[in-house]
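The values are calculated or read from the model by the stated rules, or taken from the named source; none is laboratory data. A quick note: this is a predicted structure, and the numbers were derived from the prediction, not measured. Methodologically, a virtual Cβ is constructed for each residue, glycine included, from the backbone with ideal geometry; neighbour enumeration extends over all protein chains shown.
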Ligand SMILES: Nc1ncnc2c1ncn2[C@@H]1O[C@H](COP(=O)(O)OP(=O)(O)O)[C@@H](O)[C@H]1O
Ligand SMILES: [Mg+2]
């Protein structure tokens with residue numbers, strides 16, 4: 001019997017007996033719906049929640065600790081946790097990248113939020129540093145950059161040269177058109193003017209730098225060559241004989257330098273990027289919340305380009321996107337600098353919304369957009385918890401929220417690691433900045449990392465509690481998915497038994513039909529095939545309907561989540577991940593159970609004795 | 001057309017051995033119209049089912065159309081039923097969900113060589129032949145018993161069989177319908193040279209047949225005026 005005939009017979013049978021078909025399908029539909037729903041939910045949570053907190057291919061390790069009279073002490077010498085460890089980890093098999101993490105080693109305070117809350121909130125500031133490269137994708141995703149770009153592409157966009165020419169919330173893009181600000185781009189270490197006290201010493205300056213003229217600079221006297229892209233020149237601001245030689249970045253115009261520098265002709269010929277010195281006028285103005293106060297006045301230059309000191313000189317403020325970062329709290333002078341880019345952990349906003357806001361009588365925050373770009377002040381060297389450092393090393397800096405990441409510090413802020421390194425060196429000396437606190441390891445794909453963890457343990461490292469939690473959560477999720485898949489398989493098993501019963505009844509009802517088919521030329525195999533194909537039709541129909549049902553139910557859950565979990569920012573819009581593989585898997589299961597259920601009836605139908613049923 | 005020698009058939013059920021056919025020997029020539037008579041339970045249907053390859057569980061020799069039915073597999077037997085023999089049953093056995101024409105064309109479903117042929121036209125022609133040209137698209141449910149049986153005959157003729165086996169075809173019909181059915185058997189026998197075996201209790205049926213075979217106690221009774229045809233069995 002040709003397949004076409006078999007199908008038309010099956011189609012006829014289904015049409016004749018719709019009730020039995022639907023009833024037999026119900027179990028399969030419910031089973032497939034359950035399977036689809038829970039597997040999609042499991043995959044959705046894995047992809048949308050767990051992987052965001054900790055991607056499958058990333059683990060965080062820290063020095064293993066042992067308890068010593070109530071305190072925990074690392075088992076490895078902290079001195080080993082430097083760049084050498086990074087190299088060692090990088091050389092491990094399976095490890096594709098290593099991102100060290102450095103915590104702050106100095107006290108700090110922060111305040112801000114006046115524009116949002118009406119007054120400034122003040123708190124102790126804890127911060128750590130992460131490699132911006134590690135976070136790029138994460139930040140773009142959280143900021144919904146794709147979405148922003150898509151929406152921007154639909155709009156008419158104005159041509160521009162500077163950010164000011166664009167409407168609020170937009171910036172002048174590289175394409176010369178106004179576009180939505182993409183904050184994630186700002187998460188990179190700004191070039192800071194790090195002050196220092198001990199002239200000539202390198203203790204509080206980054207590697208390769210030394211304290212020259214009160215700032216950490218890269219020296220090049222004694223024939224020491226500068227890196228490519230920079231040239232040796234007398235230290236800017238130093239006049240007369242015996243000025244130290246320092247490396248300055250080469251440039252042809254201001255555009256080659258960062259926002260806080262200008263391209264100046266150098267005394268020895270050529271051009272180099274030179275930081276803009278500035279003043280806020282009075283030292284107390286550095287605490288001001290007014291952007292105009294912070295913009296300060298650039299010393300030694302005129303906005304209109306005329307020589308400094310001439311009668312027509314218009315005062316110049318620090319360039320766009322920069323402010324006048326005062327050297328310390330005892331003076332009013334400093335250098336123009338970009339604000340420190342800062343990341344927050346979404347958890348912080350949840351905490352704020354769920355408890356802080358109500359107890360302080362503030363409005364809960366609504367989503368990312370409200371907070372991105374918000375500025376606040378960080379006061380390094382000052383503390384509410386421990387004593388302050390000397391006033392002449394305390395410094396107040398402007399910081400700006402440029403993104404959110406689950407990898408950011410839960411209670412505190414996260415800066416680019418180079419910035420944290422510079423600050424730690426400035427305040428606590430070189431040694432403090434030589435070691436890292438934890439390492440984020442990137443592995444290839446979603447391989448099993450157990451072997452890797454074993455190797456790390458040999459080196460005195462262990463999974464960070466967060467990584468352990470992530471693994472536990474992933475394991476739990478997996479177990480739950482398996483349990484619910486099992487339940488749905490049991491449902492399908494029950495459906496199979498149901499199919500057996502229904503089919504046995506149907507076959508008894510149709511025995512004359514089967515008999516006449518056999519008398520006319522149907523083989524046993526033909527009869528069996530018709531029964532099995534009819535069961536398979538239930539499987540296909542059940543899978544389609546069940547998938548639709550499961551999908552529909554998932555939409556309901558998403559809608560309910562959107563409604564009832566409003567206070568939780570950064571929850572995924574879709575808790576489910578539907579994939580053709582789920583459909584294929586459900587289809588396979590459904591077919592297997594339908595065919596299993598129809599096996600005995602098919603056998604019975606095929607072995608029906610036509611002579612007996614036809615002759616009455 | 002049919003050659004049977006020493007045919008035995010047992011129905012064994014739960015320790016009971018019902019020896020139904022006890023050494024049947026029989027020959028039917030090509031083109032004969034034969035009536036098979038005997039008491040109820042004498043084994044007529046059993047014999048017919050064996051000849052029609054619906055039942056392959058027997059001892060003895062059965063050759064139909066030159067083909068021995070012994071040892072044929074399910075596929076070959078199905079093909080044999082599809083091509084060589086046709087059945088007409090007392091209970092018609094039409095498929096209620098198909099139209100009359102589709103019922104007639106049913107044998108084509110199991111015939112590879114039928115692919116692409118105009119089965120509907122042939123079904124219609126056969127229905128005209130059995131005087132049902134007006135009921136082509138009707139549902140069998142709406143037909144009278146006699147009409148149903150004529151549809152069954154048309155179906156039996158669809159694949160041009162060599163042998164037609166009818167098991168009490170008029171048993172469920174009134175005499176007028178039965179007469180028409182009988183006439184159709186004779187007509188096909190005369191016109192197409194089809195060999196027809198009709199199991200019947202009806203002397204009227206037996207009267208129009210070329211020959212009447214009686215079966216009794218599992219054996220064929222010798223025909224009147226002829227030497228004993230029954231073999232002594234194996
Ligand atoms: N499928 C069967 N299983 C067991 N016994 C059967 C079966 N078919 C027929 N018989 C028995 O075989 C005998 C002959 O039956 P059958 O061939 O139907 O007789 P007839 O057609 O002459 O009335 C009867 O005793 C009947 O009970
Ligand atoms: Mg009978």
Worksheet item: Taking the stated definitions as given, is residue B:69 away from ligand 2 (no atom under 16 Å from the Cβ) and either at positive phi or more than 13 Å from every other protein chain (Cβ to nearest Cβ) (or both)?
Response: yes
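Within the bounds of the range A:585-594, is there any residue that is under 30 Å from residue A:516 (Cβ atoms), in the same structural domain as residue A:486 (by TED's automatic domain parsing) and part of a helix (DSSP H, G or I)?
So in the range A:585-594, the residues under 30 Å from residue A:516 (Cβ atoms) come out as A:591, A:594.
Going one step further and asking which of them are in the same structural domain as residue A:486 (by TED's automatic domain parsing), we end up with A:591, A:594.
In the following step, the residues that additionally are part of a helix (DSSP H, G or I) were identified as A:591, A:594.
Yes.
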Worksheet item: Listed residues A:151, A:105, A:157, A:122; which is under 24 Å from the mean Cα position of the chain (by Cα) and touching a residue at least 12 places away in the same chain (Cβ under 8 Å)?
Response: A:151
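With respect to residue A:521, determine if the residue is more than 16 Å from ligand 1 (Cβ to nearest atom), surrounded by 15 or more Cβ atoms within 10 Å (Cβ to Cβ), on the phi > 0 side of the Ramachandran plot and assigned by TED's automatic domain parsing to the domain that holds residue A:485. Walk me through it before giving the result.
On the way: more than 16 Å from ligand 1 (Cβ to nearest atom): yes; surrounded by 15 or more Cβ atoms within 10 Å (Cβ to Cβ): yes; on the phi > 0 side of the Ramachandran plot: yes; assigned by TED's automatic domain parsing to the domain that holds residue A:485: yes.
When the stated conditions are applied, residue A:521 passes them.
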Worksheet entry | strands (runs of 3 or more DSSP E) lying entirely in the range A:4-120 (those with 1 or more residues that are surrounded by 19 or more Cβ atoms within 10 Å (Cβ to Cβ)) | A:58-63, A:95-103, A:108-112
Worksheet item: Out of (1) within 16 Å of ligand 2 (Cβ to nearest atom); (2) touching a strand residue (DSSP E or B) at 6+ places or on another chain (Cβ under 7 Å), the odd one out for residue B:92 is which?
Response: (2)
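With the requirement that a residue be in a loop (DSSP other than H, G, I, E, B) and either over 12 Å from residue A:232 (Cα atoms) or touching a helix residue (DSSP H, G or I) at 6+ places or on another chain (Cβ under 6 Å) (or both), what does the range A:253-279 give you? If you could, list the steps in order and put the result at the bottom.
Going residue by residue through the range A:253-279, those that are in a loop (DSSP other than H, G, I, E, B) are A:253, A:257-260, A:266-270, A:276.
Hits for the range A:253-279 are A:253, A:257, A:258, A:259, A:260, A:276.
Residue-wise test of (1) surrounded by 18 or more Cβ atoms within 10 Å (Cβ to Cβ); (2) not in a helix (DSSP H, G or I).
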site	(1), (2)
B:137	no, yes
B:149	yes, no
B:152	yes, no
B:156	yes, no
B:170	yes, yes
Worksheet item: Taking residue B:136, is it away from ligand 2 (no atom under 16 Å from the Cβ), within 14 Å of chain A (Cβ to nearest Cβ) and touching a helix residue (DSSP H, G or I) at 6+ places or on another chain (Cβ under 8 Å)?
Response: no
Worksheet item: Scanning the range A:506-518 for residues that are under 18 Å from residue A:15 (Cβ atoms) and facing chain B (nearest Cβ under 10 Å), which turns out surrounded by the most Cβ atoms within 10 Å (Cβ to Cβ)?
Response: A:517
Worksheet item: In the range B:139-156, which residues are within 13 Å of chain A (Cβ to nearest Cβ) and touching a strand residue (DSSP E or B) at 6+ places or on another chain (Cβ under 7 Å)?
Response: B:152, B:156
Worksheet entry | Matching option when the condition is out of contact with any helix residue (DSSP H, G or I) (no Cβ under 7 Å at 6 or more places or on another chain) and under 28 Å from residue A:404 (Cα atoms), among A:78, A:100, A:93, A:55 | A:55
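Within the range A:330-355, which residues are surrounded by fewer than 22 Cβ atoms within 10 Å (Cβ to Cβ) and either within 29 Å of residue A:394 (Cα to Cα) or over 25 Å from the mean Cα position of the chain (by Cα) (or both)?
Initially, the range A:330-355 is screened for residues surrounded by fewer than 22 Cβ atoms within 10 Å (Cβ to Cβ), giving A:330-333, A:345-348, A:350-355.
Of everything in the range A:330-355, those that are surrounded by fewer than 22 Cβ atoms within 10 Å (Cβ to Cβ) and either within 29 Å of residue A:394 (Cα to Cα) or over 25 Å from the mean Cα position of the chain (by Cα) (or both) turn out to be A:330, A:331, A:332, A:333, A:345, A:348, A:352.
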Practice prompt. Looking at (1) within 39 Å of the chain's Cα centre (by Cα); (2) under 30 Å from residue A:2 (Cα atoms); (3) part of a loop (DSSP other than H, G, I, E, B), find the lone condition where residue A:522 falls short.
Written response: (1)
Item to complete: Run residue A:126 past the list (1) more than 20 Å from residue A:371 (Cα to Cα); (2) out of contact with any strand residue (DSSP E or B) (no Cβ under 6 Å at 6 or more places or on another chain); (3) at pLDDT 90 or above and report the number of the one that doesn't hold.
Response: (1)
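What residue, among those in the range B:17-33 that are within 16 Å of ligand 2 (Cβ to nearest atom) and touching a residue at least 24 places away in the same chain (Cβ under 8 Å), is nearest to residue B:222 (Cα to Cα)?
Of the range B:17-33, the ones within 16 Å of ligand 2 (Cβ to nearest atom) are B:18, B:20-21, B:24.
From what is left, the residues that are touching a residue at least 24 places away in the same chain (Cβ under 8 Å) are B:20-21, B:24.
Details: B:20: 18, B:21: 16, B:24: 11 Å.
Top of the filtered list is B:24.
Just checking, how many residues over the range B:37-55 are within 10 Å of chain A (Cβ to nearest Cβ) and either without any contact (Cβ under 8 Å) to a residue 24 or more places away in the chain or more than 11 Å from ligand 2 (Cβ to nearest atom) (or both)?
The first filter runs over the range B:37-55 and keeps only residues within 10 Å of chain A (Cβ to nearest Cβ), leaving B:44-46, B:48-50, B:52-55.
Filter once more, so that each one left must be either without any contact (Cβ under 8 Å) to a residue 24 or more places away in the chain or more than 11 Å from ligand 2 (Cβ to nearest atom) (or both): B:49-50, B:52-55.
Summing the residues that are within 10 Å of chain A (Cβ to nearest Cβ) and either without any contact (Cβ under 8 Å) to a residue 24 or more places away in the chain or more than 11 Å from ligand 2 (Cβ to nearest atom) (or both) in the range B:37-55 gives 6.
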Response to the item:
Exactly one of B:147, B:187, B:168 is within 16 Å of ligand 1 (Cβ to nearest atom) and closer than 26 Å to residue B:98 by Cβ, and that residue is B:168
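Name the helices (runs of 4 or more DSSP H) wholly within the range B:9-114 that hold at least 3 residues that are away from ligand 1 (no atom under 16 Å from the Cβ)?
Details: elements: B:44-51, B:74-83, B:100-104.
Once the helices (runs of 4 or more DSSP H) in the range B:9-114 are filtered for at least 3 residues that are away from ligand 1 (no atom under 16 Å from the Cβ), what remains is B:74-83, B:100-104.
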Item to complete: Would you check which residues across the range A:239-263 are modelled with pLDDT of 90 or more and within 18 Å of residue A:299 (Cβ to Cβ) and list them?
Response: A:257, A:260, A:261, A:262, A:263
Discussion item. Looking at (1) more than 16 Å from ligand 2 (Cβ to nearest atom); (2) under 30 Å from residue B:115 (Cβ atoms); (3) not in a loop (DSSP other than H, G, I, E, B), which one does residue B:166 not meet, given that it meets all the others?
Written reply: (1)
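For the range A:12-32, how many residues meet the condition of being more than 10 Å from chain B (Cβ to nearest Cβ) and without any contact (Cβ under 8 Å) to a residue 12 or more places away in the chain?
The initial filter retains those residues of the range A:12-32 that are more than 10 Å from chain B (Cβ to nearest Cβ), namely A:14, A:18-32.
Filter once more, keeping what is without any contact (Cβ under 8 Å) to a residue 12 or more places away in the chain: A:18-19, A:22.
Total satisfying the criteria: 3.
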Worksheet, complete the sentence: Checked A:489, A:530 against criteria (assigned to a helix (DSSP H, G or I), within 14 Å of chain B (Cβ to nearest Cβ), in contact with a helix residue (DSSP H, G or I) (Cβ under 7 Å, 6 or more places away or on another chain) and touching a residue at least 12 places away in the same chain (Cβ under 8 Å)); the one match is A:530
